[in-house]
Amino acid sequence: MAAPNPILVLDQIAKSFGDTVALHPTDLAIEKGEFIALMGPSGCGKTTTLRLIAGLDYASAGRMLMWGADDITATPPWKRDMPMVWQSYALFPFLSVRENVEFGLKQKRRLVSRDRRTRALEWLDKLGIADLAERSIHQLSGGQRQRVAIARALALQPEILLLDEPLSALDANRRLHMQSELKRLHSELGITFLYVTHNQSEAFAMADRVVILSDGRVQQIGAPKEVYRAPANRFVAEFVGANTILDGTMTSSGKVETPMGTFGIARGTPPAAHAGASLLVPADRVALSGGASGAANEVTGEILTEEFTGSFVTIMLRLSDGTEMKVQKQQSEIDGLDLTPGARICASWPAEVGYVLPRDSGAGHRVSN
């Protein structure tokens with residue numbers, strides 16, 4: 001289903017480099033003011049897609065339309081109102097912070113000196129670095145340089161802002177802070193953001209919709225919660241990384257029979273009886289106990305690892321058939337349990353959280369606006 005008021009439409013856009021297909025024919029409609037995140041493993045096509053939108057590469061096939069009518073497929077990048085914030089920031093070392101922000105205002109917007117200075121200082125203030133305006137770039141930290149790059153792009157007040165993994169060089173604390181800053185700026189400005197990242201937490205925290213790619217094909221488009229709770233296929237389920245996948249067979253009673261037992265489900269589109277199926281169990285919905293609880297959906301496993309990450313604990317179990325089950329809990333929920341490696345423990349989950357996919361669902365494309 002297309003966005004109701006698309007500012008940008010990719011219509012069967014594709015890109016090949018010689019015999020190598022970097023992006024298969026792709027459709028994507030982006031609404032004005034949306035925050036779209038492109039995600040996937042290295043080489044999946046996300047950066048290629050962003051470069052095509054920016055005009056840094058030209059499509060091998062398909063069209064790109066602004067407002068559904070203006071064909072910009074062959075428009076050079078300097079004529080597109082789509083500045084990019086690069087992973088490396090791409091700042092000019094011979095210019096001051098203020099002059100870096102002014103650069104596009106002079107070259108692209110043709111503002112006079114006084115107006116350039118005023119707007120540059122306004123945007124540096126919005127990013128909280130107005131006091132650094134006259135410093136050299138080499139005097140800034142990585143986080144400060146990243147803010148300068150964002151200020152330079154936003155000072156142009158573009159219709160679409162492109163961001164290519166802009167937070168990847170920051171430490172964890174600064175990254176979380178800048179996520180909040182970007183989300184705030186997006187909300188205040190109403191500018192369309194297209195954001196490339198391999199970081200799931202970044203995409204899910206900021207984006208209205210995420211686009212998951214693999215091998216140059218779109219696998220799923222949807223709201224973060226939908227992608228997380230109802231992945232379109234096995235690839236997405238494994239890429240999201242917070243699911244355990246139990247392979248088995250559908251029974252005539254609508255359950256999934258596996259080597260560990262037969263489990264009820266409540267979501268998804270089950271295949272026909274006796275067909276192969278994969279049951280997804282979300283890590284954050286699994287309960288742990290020292291002994292059998294009598295729950296309908298329950299397995300016993302051996303503790304492999306316990307990883308404390310601050311806000312929660314991730315426990316890995318090995319089930320009887322060798323499947324590794326991931327469980328994520330608050331520390332208070334597991335106090336008193338024996339989680340030493342090799343200990344036996346019971347894991348259970350309510351049937352309503354189980355989501356089933358056909359076992360052979362290796363690729364697909366689900367669109368949700």
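The values are calculated or read from the model by the stated rules, or taken from the named source; none is laboratory data. In this text, all values refer to a predicted model and were calculated from it rather than measured experimentally. FYI the Cβ positions are ideal-geometry reconstructions off the backbone, even for glycines, and counts take in every protein chain you see.
Quick check on the range 23-32. Is at least one of its residues over 20 Å from Ala223 (Cβ atoms) and surrounded by fewer than 15 Cβ atoms within 10 Å (Cβ to Cβ)? Before you say what the answer is, go through the steps one by one.
Quick first cut of the range 23-32, residues over 20 Å from Ala223 (Cβ atoms) only: 23-25.
Checking which are surrounded by fewer than 15 Cβ atoms within 10 Å (Cβ to Cβ) leaves us with none.
Checked against the condition, which is being over 20 Å from Ala223 (Cβ atoms) and surrounded by fewer than 15 Cβ atoms within 10 Å (Cβ to Cβ), the range 23-32 yields no hits at all.
Which one is nearest to Ile150 (Cα to Cα) among residues in the range 82-97 that are surrounded by 18 or more Cβ atoms within 10 Å (Cβ to Cβ) and among the hydrophobic types (A, V, I, L, M, F, W, C)?
This residue is Val85.
Against the definition (of a type in the set (A, V, I, L, M, F, W, C), without any contact (Cβ under 8 Å) to a residue 24 or more places away in the chain and closer than 30 Å to Thr20 by Cβ), how does Ala130 come out, yes or no? Step through it out loud before you land on a result.
Working: of a type in the set (A, V, I, L, M, F, W, C): yes; without any contact (Cβ under 8 Å) to a residue 24 or more places away in the chain: yes; closer than 30 Å to Thr20 by Cβ: no.
No: the conditions fail for Ala130.
Could you count how many residues in the range 6-58 are under 23 Å from Pro231 (Cβ atoms) and of a type in the set (Lys, Arg)?
So the count comes out to 1.
Please tell me if Glu333 is under 24 Å from the mean Cα position of the chain (by Cα) and either assigned to a loop (DSSP other than H, G, I, E, B) or of a type in the set (Asp, Glu) (or both). Walk me through how you get there before you give the answer.
Working: under 24 Å from the mean Cα position of the chain (by Cα): no; either assigned to a loop (DSSP other than H, G, I, E, B) or of a type in the set (Asp, Glu) (or both): yes.
The answer is no for Glu333.
Would you check if there is a residue in the range 98-113 being assigned by TED's automatic domain parsing to the domain that holds Ala169, surrounded by 15 or more Cβ atoms within 10 Å (Cβ to Cβ), part of a loop (DSSP other than H, G, I, E, B) and within 23 Å of the chain's Cα centre (by Cα)?
Checked against the condition, which is being assigned by TED's automatic domain parsing to the domain that holds Ala169, surrounded by 15 or more Cβ atoms within 10 Å (Cβ to Cβ), part of a loop (DSSP other than H, G, I, E, B) and within 23 Å of the chain's Cα centre (by Cα), the range 98-113 yields no hits at all.
Would you point out the residue of the range 137-164, among those that are among the polar types (S, T, N, Q) and surrounded by fewer than 24 Cβ atoms within 10 Å (Cβ to Cβ), that is farthest from the chain's Cα centre (by Cα)? Before you say what the answer is, go through the steps one by one.
Quick first cut of the range 137-164, residues among the polar types (S, T, N, Q) only: 139, 141, 144, 146, 157.
This time we only want the ones that are surrounded by fewer than 24 Cβ atoms within 10 Å (Cβ to Cβ), so: 139, 141, 144, 157.
Values: Gln139: 32, Ser141: 26, Gln144: 24, Gln157: 24 Å.
Within the range 137-164, the match that is farthest from the chain's Cα centre (by Cα) is Gln139.
Are any of the residues in the range 73-80 hydrophobic (A, V, I, L, M, F, W, C) and part of a loop (DSSP other than H, G, I, E, B)? Write out each step before concluding.
Taking the range 73-80 first, the residues hydrophobic (A, V, I, L, M, F, W, C) are 74, 78.
Imposing the further condition that a residue be part of a loop (DSSP other than H, G, I, E, B) reduces the set to 74.
The answer is yes, given that some residue of the range 73-80 is hydrophobic (A, V, I, L, M, F, W, C) and part of a loop (DSSP other than H, G, I, E, B).
Which residue pairs have Cβ atoms closer than 6 Å, lie 6 or more positions apart in sequence or on different chains, and pair a first residue in the range 34-63 that is charged (D, E, K, R) with a second residue that is assigned to a loop (DSSP other than H, G, I, E, B)?
As it stands, the answer is Glu34/Asp208; Lys46/Gly40; Arg51/Asp57; Arg63/Thr73, since those pairs meet every condition given.
Which is aliphatic (A, V, I, L, M), exposed (fewer than 13 other Cβ atoms within 10 Å of the Cβ) and in contact (Cβ under 8 Å) with a residue 24 or more places away in the chain, of Ala296, Ala266, Ala287? Let's see the steps before the verdict.
On the way: Ala296 fails: exposed (fewer than 13 other Cβ atoms within 10 Å of the Cβ); Ala287 fails: exposed (fewer than 13 other Cβ atoms within 10 Å of the Cβ).
Checking each option against the conditions leaves just Ala266.
Pull out all pairs, ordered by first then second residue, where Cβ-Cβ is under 6 Å, the residues are six or more apart or on different chains, the first lies in the range 246-257 and is touching a residue at least 40 places away in the same chain (Cβ under 8 Å) and among the charged types (D, E, K, R), and the second is buried (at least 16 other Cβ atoms within 10 Å of the Cβ) and assigned to a strand (DSSP E or B).
Asp247/Ser278
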